[in-house]
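Derivation of every value follows stated rules applied to the coordinates shown; laboratory data play no part. Remember, it's a predicted structure, so these values are computed and weren't measured experimentally. Using ideal geometry, Cβ is built from the backbone for each residue, glycine included, and neighbour counts are taken over all protein chains shown.
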Amino acid sequence: MPVTAAQSSPASDQSCDYCALPVRRSPVELVIDGVAKRFCCYGCGLALQITDSRGEEGHAAAMLVRLGLAIFFAMNVMMMSLPAYAPHVYGETVDSDGALFAVLRVLAMVFAAPVLVLLGGPILGSAIRNLRSGGFATDALIVLGVVAATAISAWRVFTGGGPVFFDTAVMVLVLVTLGRYLEARARARAGAAIRRQVSPDGVIAHRISGGAQDVEIDQLRPGDRVRVLPGEMFPTDGRVTDGVGWVDEAALTGESTPLLKRPSSLVSGGTCSLDGRFEVAVERAASDSATARIAGLLAEASRRPSPVERATERVARFFLPATLLIAAATALWWGVDRGIDDAVLRGLSVLVVACPCALGLATPMAMWLGLGAAASRGIVVRSAEALEHAAAVDAVYFDKTGTLTSSTPRLLACLPRAGSGLTATELLAHAALLEKGLHHPLARAIEKGALANLEVAAEIEGRRAEDLRLLPGRGVVGEIEGTRMTLGSPEFAAQSFPGQAAPADAHGTVYLWNDRAILGEIRFAEEIRPSAASLIDRLRRRHFPLRVLSGDHRADAISPQLVSRDEVELGLSADDKLAAIRSASRRRRRSGGALAMVGDGLNDAPALAAADLGIAFGAPSDLTRLNADAVVLADDLMRIDWLLDHARRLRRVIRQNLVWAFGYNTIALVAAAAGWLTPMIASILMLLSSSFVIANSRKLRTRPDPRRSELAPNTDEPSFSAARAAPPA
């Protein structure tokens, strides 16, 4: 066989090679085609070798034959054992100790041996590994029951008297193995949403710098230039140098609306070009791309057990020895009253039915699906514990700038000076030529306003200021139609023309001037995010206390239609925000609640860290600088409402799973000890119990949000449908 057992070693922070979920206990290690692989359970090893087509085809066939052979031999054991039940149907007229029955017992033992090797061997190995590491796992319960039934049956075959239990032993192994295989498949589907956030393996990049050639994405380095064709994914993070088209960023942000990308636009690895042919300058290696860093955050979250999960594991460790004592007591009770035959059957029933598979799946399965569903919505949650905190949130505090308001201000007015000879349209066109391709928020606002004005857009198309020079913190200088012009801050304008420029106001102002005079000014205003009002209204309906923490000193810093004046604290420094969050968090905890802080993730990092749940808005390139429990990648505040609802739904599902698991095990133990269950029925019930937990947890998968239709569309770019009707040149 191409599959052998490998020496086990503790690896609490490793991931399963099949389901990609964490291995927190002694792993199952198999050498497949000379490569050591690590699994969280034997079922995952079995599932990988049946379903994985990346390796040698013989592996899948070998394991499929292995399972098929075990079932074939088990069916033969059942057939050989069937006549043994004749006395129970026809009474004592059937001689169960005759020669024919003796031959059938021998044949049942012969056919049971391959099943014990094929399916019992891996379970025995797993039990031994757990015992060596100081643990007592569910595999030990199965092994004890199967070994006891097989040993007594073999002894009776050789001594020639009494019933045998080979059929019971092999069917328990078949049902347990089948159940674990199905559980492994479910865990793999739970981990699939997390794995989708990783830059896909084997993606080929069309590198055009240094000679055109196709290379693996891990060979790309900053400074390389690549070509991306329609329908292809961007291999890593970079900046568009040529090409215009729509890009689907749903894999990164969960936002279904495509975004228009043009020269100088940033693109992220793992996103897909819908209709554009792009040339991109690579800015990050694939291992440092946005998707790779998101994958790292998700992997860290899946490896960190939640408090509920840790408590469940502690209960399970006490539950297993208790089960062993109950099984021994049951066997003793029935043995004294009915004899050894009933003692074996009742004891084996207790061991099988009490295996806490459902209990072990109850919390992790829900958590894995919960993390995956959040990731598919463009929300990266750093830990399972953060999801638990989100379920308890009953108050939300907001930063203003960049959170409730857009990070890009809105162009408010273009005001040419008297005698400048410029119209408002010409003033905007000159400013757009100077700022074209720059990434300062005011530059983006000017470019957006220019593109919205058809006359200005036509005038600046294909043009750019000559001899362009950036003056950090002051402005930009360039030559337009032979005239040297400067677009700069009020302070810079006041230095050049004392007395002609007013101090900067809270909205933002830039001035345009030449060598002789100031030509005009452009004013900006903060723009409330389209989804802010929807989120505030939703939280009010849920009676959440709200507060806005702002560094602005103006009383009109935020619209009173959004929040009332007594819900806003003005003029706060970063330290002031931190103190306010700490004080509010202590109050919420005393009442059993939790406080969420929503900020842009940069200057609000201390406040985000101090809150029970810190939620950051930030570009993927800022992920490594964020100090928050959750990161919302999409430009949609309603994702916060979805996250809070999702966390409450997750908590509800976990409670349902735990109630079911504890209730099932308690009732099943009583029924088995009372003699109401046979071992095979106990195996089927164990499988059905785990299936219930899996099915109940799968309710957490992402489903359409009925509120999505209420949200305003993405206003950062033209609508997709409009662009389809009139595609950009």
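Which lysines have a Cα less than 28 Å from the Cα of Lys577, not counting those fewer than 8 places away in the same chain? Hits, sequence-local ones excluded: Lys400.
Each residue of region 447-452 is assigned a 3J(HN,Hα), and the resulting list reads 5, 5, x, 5, 5, 6 Hz, derived from the Karplus form 6.51 cos²θ - 1.76 cosθ + 1.60 (θ = phi - 60°), x at Gly and Pro. Taking Lys and Arg as +1 and Asp and Glu as -1, the other residues whose beta-carbon sits under 12 Å from that of Leu220 total -3. Residues whose amide H falls under 5 Å from that of Ser15, counting only those 5 or more places apart or on a different chain, are Val23, with hydrogens built in the peptide plane.
Checking the a/c ratio against 1.5 first, then a/b against b/c, what shape does the Cα gyration tensor give for region 464-593? Prolate is the answer for region 464-593, as a/c is 1.5 or above and a/b outweighs b/c. For region 410-525, what class follows from the C-alpha gyration tensor (a ≥ b ≥ c being the square roots of its eigenvalues): rounded when a/c is under 1.5, otherwise prolate if a/b is larger than b/c, else oblate? Rounded shape, in that the Cα axes give a/c under 1.5. Beyond 22 Å, what share of the Cα-Cα pairs of region 319-422 is found? Please give it as a whole percent. That tail contains 67 percent of the Cα-Cα pairs. For Val548, the amide hydrogen comes within under 5 Å of the amide hydrogens of Phe398, Val568, Glu569, counting only partners 5 or more places away or on other chains and with H modelled in the peptide plane.
Taking a ≥ b ≥ c as the square roots of the Cα gyration tensor eigenvalues, region 204-287 comes out prolate, since a/c reaches at least 1.5 and a/b is larger than b/c. Backbone geometry of region 233-242 corresponds, through the Karplus equation with coefficients 6.51, -1.76 and 1.60 at θ = phi - 60°, to 3J(HN,Hα) couplings of 8, 6, x, 7, 6, x, 10, 5, 9, 7 Hz, x marking Gly and Pro. Taken one residue at a time, the phi angles of region 413-423 give Karplus couplings (6.51, -1.76, 1.60, θ = phi - 60°) of 7, 10, 10, x, 7, 4, x, 6, x, 10, 8 Hz. Gly and Pro are set to x.
Each of Leu415, Leu658, Leu608 was scored by other Cβ atoms within 10 Å of its Cβ. Arranged with the fewest first, they read Leu415, Leu658, Leu608.
Note on Asp214/Glu466: beta-carbon distance plugged into 1/(1 + (r/R0)^6) with R0 of 35 Å gives a FRET efficiency of 0.40.
As a rough footprinting exposure proxy, the listed residues Met597, Met78, Met365, Met171 were ranked by other beta carbons within 10 Å of their own, and the order from fewest upward is Met78, Met171, Met365, Met597.
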